[in-house]
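Here's the structure we're looking at; comments come further down.
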Amino acid sequence: MIRNGAQWIGTAAALPARALEPLMAWLQKVLGMSRLPWIFLLPNLLIIALFSLLPVLMNVVYSVTGSDNLYPSERPFVGLSNYATLLECENYLQPSTCSRDLFWRAVGNALVFVPAQVVVMIGVALITALALNRNIRARGFFRGIFFFPVMLSPVVVAMTWVWLLQRDGALNGILGAIGFDRVSWLTDPGRAFKWSIFVTVWAHMGFYMVILLAGLQSIPADIYEAAKMDRASPWRVFTRITLPLLKPVLLVVFILGVIRSVQTFDEIYVLTGGGPGTATKMIVHYIYETGFAVMPRNYGLAAAASLMLGLVLFLFTGLQMKLSKGGRDA
Amino acid sequence: MTSQAGRTLRQLILGTAVAWATGAAFAQEITVQAIDADIRYITEKFMREHSGTKVNFRLVSFQSILESLPVQLASGQGPDISMVADWGGLAKYYLNLRPYVDAKYFEREFASLLRPMRGDQPNGDAINGMSGSMTMNGAFVNRTLFRQAGVPLPPAGATWDEWADAARRVAKATHTEMAMEMDRSGHRFASLAISYGAKLVDNQGRPVVDEGLKLAMKKFVEWHRDGTMPMDLWGAVGGATHRDNFQDFMNGKVVFYFGGSWSLYKMDSEVGDLFDWGVVDAPCGTSSCTLMPGGGAMVAFKHTRQPALCAQFLAFLAREDNMRETMARHPNIPAAATLLRTGVEYPGASEHLREALASFARQADKIAPTAYDFQGWRYQRAAMNALTTRISQVLTRELDIETAARFVKKDVELAIQAAGK
């Protein structure tokens, strides 16, 4: 009976396809085989055009128009003046001399934050993946624990850490209970910056760990067995076998990590609001404040800043594609 | 056609006719949105008294009023009537009620509110809305701690310095964690700045950075440096982020808290008589003893298809008995002249709450004109964001006071320029 039911469902599912056969035959005749795939790609192309290309195009339009009006038709053309305003600076190393000093402070912060965060994240993710690739007890449980923060909303992650790190938070409570003075974890610029790195690593490390774990598991076991027979030390096995064979995956993780790090916003926005002062202000935070949080809203400047950021990310994506191709060729 | 089918058809026709007639009966329909449910009672009363009209009430968040409403209005959408917090910033969308309402009544009752609600044309004669009640900044003090410390409460007219000194002595004597705190808000800081003579905005709607503002910034930074104020508010976050730590006051961890009148209800319901607290007269600077006015004004928008009905509803809301009824349901600081002059009954309110509301109402008359000018300035939000951002940068030693003050002016000028003015 079940088999009959399955057959019936299969027949019913095939009906629309059969009904379309004459149409397909006609399209094939009119367009030819070489053009026919475009018909199948059309729905996806339309979706990409509507939800990806059109917003980018609108962003370009906003970036070359001014005023606080929302409708593009009501916004006067200002050429590249939004870009010029962003780039206007006497000395880029001293943001206070720039027309939009907060943007350059955000750029300066990102130049420190991104390398530091990516290096720490990949390092921790790699160590964790190596540990969880071994045949240890409760391996599945630990994999779940390390991956768990990835499933949480960034706002939940940040709020959790705010409760832990604030003046009367859990961390200071523990310090107080064991006789230490309370520490201002988030009111000191240096400490707030380091905690921002820590929290973002904690939140995203699991994702990269899983990718690296998959990479580690794809390395053939017989290579390790051969190394074992040759009595190679664990360090030598790691540097001569694991790392070289993991290189393509590491490259992907590196590029994805950089892109994600440059885009960092939500966790830090909730954790520190970009402060103290501007110590943890990142580029996306600047874009958000300029375009959405501050009245009057400067959509043009926010669009220009986001396109400049997009250009940087585009370059990284290009680099990723080139490197990953290189990795495959190797 | 069978009799059953015929009956069904007749029912369908009748149903359609009823639906059409109902729609026609509510041809005069508007949507009103506000952040508190009290307005809902007034909308129901309005519909009872004005048959044939329908007022849809929408309860929204304060965040929605601040962030979503401007976008809705920019795209020609949104409710017919809404509560607005950015009085001057959205003025270009307001419906001028003058042709529809008793202008003299509105001018008499809401004299101080009409000017700041005119945005770029403060000297015009537009009647852009009303508000029966208002919110204000205010200083909450923990009287129990003062008594325990044996420090007399500074009298009305005491300066900010005197309050800071007294709060420090109380905190020291009672081992209280903090002497003073102020919400991280440009609006709160504006009270301090205007008290020290800051003008903030000139008659042409341009930002003003003067010695009054710098003096207020200097004092504010000094209080953070010497530990009178903790860094957890202004020193812990950046940008335009609003932050308050009123729970510190509720938990008896701070002697003097400068926040907003809306915290009264939380104090009343959650703290009550657990300790003796109160709202004191505005601390004074070298120029005045003023608080900043604020709160939600009710306005109608130009895009409405029912301007007369909108005006009729706002006039109804502005009627004395309705304002009193709203105030009785939700105790608040009166804004209308008659209510201020004759006082308001708050049945069911605690003694603490009545006393605090009376204290705020006393301050309403003393609000400096500069405070209203600032409140109604179209670029007030830009200025407030600049103040919080730049002062926080001074606290973390990224900028000195001179540079920060210069940057406040620059930020607002760039905002004005970007808005195409």
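The values are calculated or read from the model by the stated rules, or taken from the named source; none is laboratory data. For clarity, every value in this text was computed on a predicted model and none was experimentally measured. Cβ coordinates were reconstructed from backbone atoms using ideal geometry, including for glycine residues, and neighbour counts include every protein chain displayed. Areas reflect the complete protein model, heavy atoms only, side chains present, ligands, DNA and RNA absent. Shrake-Rupley method; radii C 1.70, N 1.55, O 1.52, S 1.80 Å.
On the basis of being open to solvent by less than 10 Å² (accessible area, probe 1.4 Å), out of contact with any Phe, Trp or Tyr (no Cβ under 6 Å at 6 or more places or on another chain) and more than 14 Å from chain B (Cβ to nearest Cβ), does A:Ser306 make the cut?
No; evaluated as a whole, the condition is false for this residue.
Answer yes or no as to whether A:Leu132 is open to solvent by less than 30 Å² (accessible area, probe 1.4 Å), more than 30 Å from A:Asn298 (Cα to Cα) and of a type outside the set (Gly, Ala, Ser).
Judged against the criteria, A:Leu132 is a match.
What pairs come out if I take residues in region B:348-366 that are at positive phi and pair them with residues that are surrounded by 15 or more Cβ atoms within 10 Å (Cβ to Cβ) and among the hydrophobic types (A, V, I, L, M, F, W, C) whose C-beta lies under 9 Å away, six or more apart or interchain?
From residues that are at positive phi, the pairs are B:Gly348/B:Ala328.
Hey, among A:Ala203, A:Ala227, A:Ala214, which residue is of a type in the set (Gly, Ala, Ser), under 17 Å from A:Ala125 (Cβ atoms) and touching a helix residue (DSSP H, G or I) at 6+ places or on another chain (Cβ under 6 Å)?
Just one listed residue meets the conditions, A:Ala203.
Just name the residue that is nearest to A:Gly275 (Cα to Cα) out of those in region B:203-242 that are among the charged types (D, E, K, R) and within 14 Å of chain A (Cβ to nearest Cβ).
Once the filter is applied, the top-ranked residue is B:Asp232.
Checking the condition open to solvent by 20 Å² or more (accessible area, probe 1.4 Å) and touching a residue at least 40 places away in the same chain (Cβ under 8 Å), which residue from B:Arg143, B:Arg184, B:Arg188 passes?
B:Arg143
Suppose we filter A:Val118, A:Val78, A:Val114 for residues that are within 13 Å of another protein chain (Cβ to nearest Cβ) and either more than 26 Å from A:Ser196 (Cβ to Cβ) or open to solvent by less than 70 Å² (accessible area, probe 1.4 Å) (or both); which single one remains?
On inspection, the qualifying residue turns out to be A:Val78.
Has region A:50-67 got any residue that is surrounded by fewer than 12 Cβ atoms within 10 Å (Cβ to Cβ), at pLDDT below 95 and polar (S, T, N, Q)?
yes
Report, by residue number, each residue of region A:289-301 that is surrounded by fewer than 23 Cβ atoms within 10 Å (Cβ to Cβ) and either at pLDDT 95 or above or facing another protein chain (nearest Cβ under 9 Å) (or both).
Answer for region A:289-301, where residues must be surrounded by fewer than 23 Cβ atoms within 10 Å (Cβ to Cβ) and either at pLDDT 95 or above or facing another protein chain (nearest Cβ under 9 Å) (or both): A:Phe292, A:Ala293, A:Val294, A:Pro296.
Pick out the one residue from B:Asn245, B:Asn251 that is of a type outside the set (D, E, K, R), under 30 Å from A:Phe193 (Cβ atoms), open to solvent by 10 Å² or more (accessible area, probe 1.4 Å) and touching a residue at least 40 places away in the same chain (Cβ under 8 Å).
On inspection, the qualifying residue turns out to be B:Asn245.
Considering only residues that are open to solvent by 10 Å² or more (accessible area, probe 1.4 Å), under 16 Å from the mean Cα position of the chain (by Cα) and within 14 Å of another protein chain (Cβ to nearest Cβ), which ones fall in region A:246-281?
If the condition is that a residue be open to solvent by 10 Å² or more (accessible area, probe 1.4 Å), under 16 Å from the mean Cα position of the chain (by Cα) and within 14 Å of another protein chain (Cβ to nearest Cβ), then A:Phe265, A:Asp266, A:Tyr269 are the ones that fit.
Name the residue that is farthest from the other protein chains (Cβ to nearest Cβ), counting only residues in region B:71-108 that are crowded, with 18+ Cβ neighbours inside 10 Å and of a type in the set (Phe, Trp, Tyr).
Restricting to residues being crowded, with 18+ Cβ neighbours inside 10 Å and of a type in the set (Phe, Trp, Tyr), the top hit is B:Tyr100.
Among the residues of region B:349-365, count how many are in contact with a strand residue (DSSP E or B) (Cβ under 8 Å, 6 or more places away or on another chain) and surrounded by fewer than 15 Cβ atoms within 10 Å (Cβ to Cβ).
The total comes to 1.
Does region B:145-176 hold any residues that are assigned to a helix (DSSP H, G or I) and among the β-branched types (Val, Ile, Thr), and which are they?
B:Val170, B:Thr174
I need the full set of residues from region B:39-67 which are in a strand (DSSP E or B) and without any contact (Cβ under 8 Å) to a residue 40 or more places away in the chain, in order please.
If the condition is that a residue be in a strand (DSSP E or B) and without any contact (Cβ under 8 Å) to a residue 40 or more places away in the chain, then B:Lys54, B:Asn56, B:Phe57, B:Arg58, B:Leu59 are the ones that fit.
Mind telling me which of the residues A:Ile197, A:Ile174, A:Ile211 ends up being over 18 Å from A:Gly257 (Cα atoms) and either touching a residue at least 24 places away in the same chain (Cβ under 8 Å) or open to solvent by 60 Å² or more (accessible area, probe 1.4 Å) (or both)?
A:Ile174
From the list A:Leu93, A:Leu130, exactly one residue is away from every other protein chain (no Cβ under 14 Å) and free of Cβ contacts under 8 Å to residues at least 60 places away in the same chain. Which is it?
Residue meeting the stated conditions: A:Leu93.
Can you tell me which residue is nearest to B:Gly260 (Cα to Cα) among those in region B:280-291 that are of a type in the set (Val, Ile, Thr) and open to solvent by 10 Å² or more (accessible area, probe 1.4 Å)?
Checking each candidate, the answer is B:Val280.
Kindly indicate whether B:Gln417 is more than 20 Å from B:Met136 (Cβ to Cβ), open to solvent by 60 Å² or more (accessible area, probe 1.4 Å) and polar (S, T, N, Q).
yes
Condition test on B:Phe275, is it surrounded by fewer than 23 Cβ atoms within 10 Å (Cβ to Cβ) and within 21 Å of the chain's Cα centre (by Cα)?
No.
Can you name the helices (runs of 4 or more DSSP H) wholly within region A:239-311 that have at least 1 residues being among the charged types (D, E, K, R)?
In region A:239-311, A:243-262, A:266-271 are the helices (runs of 4 or more DSSP H) which contain 1 or more residues that are among the charged types (D, E, K, R).
Out of B:Ala171, B:Ala111, I need the residue that is open to solvent by 50 Å² or more (accessible area, probe 1.4 Å) and among the aliphatic types (A, V, I, L, M). Which one?
Every option except B:Ala111 fails the conditions.
Can you tell me which residue within region A:137-160, out of those that are of a type in the set (A, V, I, L, M, F, W, C) and without any contact (Cβ under 8 Å) to a residue 40 or more places away in the chain, is least open to solvent (accessible area, probe 1.4 Å)?
This residue is A:Ala138.
If a residue must be hydroxyl-bearing (Ser, Thr, Tyr) and in a helix (DSSP H, G or I), how many such residues does region B:177-214 contain?
Final tally of qualifying residues: 2.
If A:Ala227 satisfies all but one of (1) of a type outside the set (Asp, Glu); (2) part of a helix (DSSP H, G or I); (3) under 17 Å from A:Ala131 (Cβ atoms), what's the number of the condition it fails?
(3)
Consider B:Val55 carefully, then state whether it is over 17 Å from the mean Cα position of the chain (by Cα), open to solvent by 40 Å² or more (accessible area, probe 1.4 Å) and of a type in the set (Val, Ile, Thr).
No; evaluated as a whole, the condition is false for this residue.
Mind checking whether some residue in region B:24-44 is touching a strand residue (DSSP E or B) at 6+ places or on another chain (Cβ under 9 Å) and within 14 Å of chain A (Cβ to nearest Cβ)?
No, region B:24-44 contains no residue that is touching a strand residue (DSSP E or B) at 6+ places or on another chain (Cβ under 9 Å) and within 14 Å of chain A (Cβ to nearest Cβ).
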